[in-house]
Ligand SMILES: *Cc1c(COP(=O)(O)O)cnc(C)c1O
C-alpha cells in the first residue's frame, strides 16, 4: 500500500465522522487521530504554550539531541580529548553524516558532505561549476532567489575576474527560453523562501543540460520537507541547510551534493587541508581529495555537526511520500481556514494554490500590517515569521505539526484581525531578526 492509499484510507475512516469541508475544531482532532505520522511529534521538545509554524526557518530541538551533545561534551571532548577525532569518528563525520542525509535528497552513497554554511557551500560549487564550463559566460538565477544565493554569485563572479554575467530572471516561466549556449550554470532554489513556489527540478535540469549548462539546486526549503531525487533528476550540484526542516540547531552545518560522475574532475577554490587527499601527510602543496571530501574545507565544528547527526536519526523510518501527503494536506487546510475565517482583512495568498506546485509553507501578503500581525500572533503563542516587504510566512512541518495546531493558529489569527489588536505601535516596531 503506498502513502496515498494509506492517507486516503485514513481520510475515508474519518469522513464518516465529519464532512471534509467541516471548519469545526472536531474535524482537526479527527484528522490528527488518523495521522500516520502523529507519533513523531513526541520526538521533539516543543513548548506547551507555543504553536510553532517556523520550522522552515529554525527547526525545533529533537529530544535525543540534548543527551547526545551532553555525552559528546563530557565523554568525547572531556575524557577522550584529541583521541576522539579517531575513536569517536569525528574526522569521518562530514562524510558519515552526509551519507545519513543522502536518502532524504535521493543522493547516491558517498556524494554528500556536511560542512560550512549554505552560503559557503554555494561559493564552492558555483566556483567549481564555472571552472568546469570555461567557455561560457552566463549564470542564470531568479531575481527573487534567496538573497545570499545571488550575493554569493556576485562574489564568485568578481573573484573570477568579472568574466561572467549574472542574469536575473523575474518570471520563472522565462527560464527555459533563457537557456542558450552562453549559459554556464543554472542556479535555482527548488522552493522559493518567500512564496513557497516549487520548481520542476527534473524538467529544468533536463532543459539546462540540453543547453549544455550545469545545474545547482538550493534545497534549503526542500530537504526534510518532501522527497527530493537529485540522482533521478540527474542534478549536477546541490546545497542546503541543516537548521531548517532537518532540525540540526541554530547555525547547523549545511550540506553539499556533487553528482558522482563529476567527482574527480572538478576544482573548488577553498582548498583547505580537510579537502586534501591526505590531510595528515602535511605535504607542502595542495592535492585535492578525489571523493566528495574535496568539497569540505577546514576542521568541522564538531558539537554542531554532532547535533545535526543526532537530529537526522529522527528520519530513520520516515516515509517521505507520507510526509509529502501530510504536508500538502496541512497547507491546503491552512489556506481553506484562513480564507474562510479571515476574509475581509486584506490578506492575499501569494503561495501557489495548487499544492503540487508549492513546498511546505504558505505565505500571505498584507499591504501594511504584515509585520505587526506576525508580532501580535507571536505574542499570542503562534510563531510564524515576516519576510520583507509584506509577507506573512507560515511553515508546516509534518513530523510535529498537527491539524489542531493549524486550526488553533487560524483561530487566533482571526481573533487578532477581528479586533485589530495587531495595530499598535509596539507591534509595528521591527526587531533586528524578523
Ligand atoms: C535559509 C537559506 C539560506 C541560508 O544560508 P546560510 O548560509 O545558512 O545563512 C541560503 N539559501 C536559501 C535558499 C535559504 O532559504
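The values are calculated or read from the model by the stated rules, or taken from the named source; none is laboratory data. This is a predicted model, so every value here is computed, not measured. Cβ placement follows ideal geometry from the backbone for every residue including glycine, while neighbour counts extend to all protein chains displayed.
Data for the structure
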item	result
Qualifying residue in the range 114-122 (condition: outside any helix (DSSP H, G or I) and out of contact with any helix residue (DSSP H, G or I) (no Cβ under 7 Å at 6 or more places or on another chain))	yes
The range 200-218 residues that are in a helix (DSSP H, G or I), paired with ones that are surrounded by fewer than 23 Cβ atoms within 10 Å (Cβ to Cβ) (beta carbon under 6 Å, 6 or more apart)	201/233; 202/233; 205/233; 205/234; 207/176; 207/179; 208/179
Residue list for the range 228-284, filter: under 15 Å from residue 99 (Cα atoms) and surrounded by fewer than 16 Cβ atoms within 10 Å (Cβ to Cβ)	229, 260
Some residue of the range 82-93 being closer than 18 Å to residue 314 by Cα and touching a residue at least 12 places away in the same chain (Cβ under 8 Å)	yes
Flag for residue 306 being more than 30 Å from residue 64 (Cβ to Cβ), touching a helix residue (DSSP H, G or I) at 6+ places or on another chain (Cβ under 9 Å), surrounded by 24 or more Cβ atoms within 10 Å (Cβ to Cβ) and at pLDDT 95 or above	no
All positions within the range 359-373 that are assigned to a strand (DSSP E or B) and surrounded by fewer than 24 Cβ atoms within 10 Å (Cβ to Cβ)	365
Checking residue 109 against (1) in a loop (DSSP other than H, G, I, E, B); (2) under 14 Å from residue 258 (Cβ atoms); (3) within 15 Å of the ligand (Cβ to nearest atom), the condition it does not meet	(3)
Leading residue by the ranking (nearest to residue 338 (Cα to Cα)) among those in the range 383-409 that are in contact with a strand residue (DSSP E or B) (Cβ under 7 Å, 6 or more places away or on another chain) and in a helix (DSSP H, G or I)	409
Unique match (being part of a loop (DSSP other than H, G, I, E, B), within 16 Å of the ligand (Cβ to nearest atom) and closer than 30 Å to residue 385 by Cα) among 145, 150	145
Matching entry among 130, 104 (being under 16 Å from residue 230 (Cβ atoms), assigned to a helix (DSSP H, G or I) and either within 16 Å of the ligand (Cβ to nearest atom) or touching a residue at least 12 places away in the same chain (Cβ under 8 Å) (or both))	104
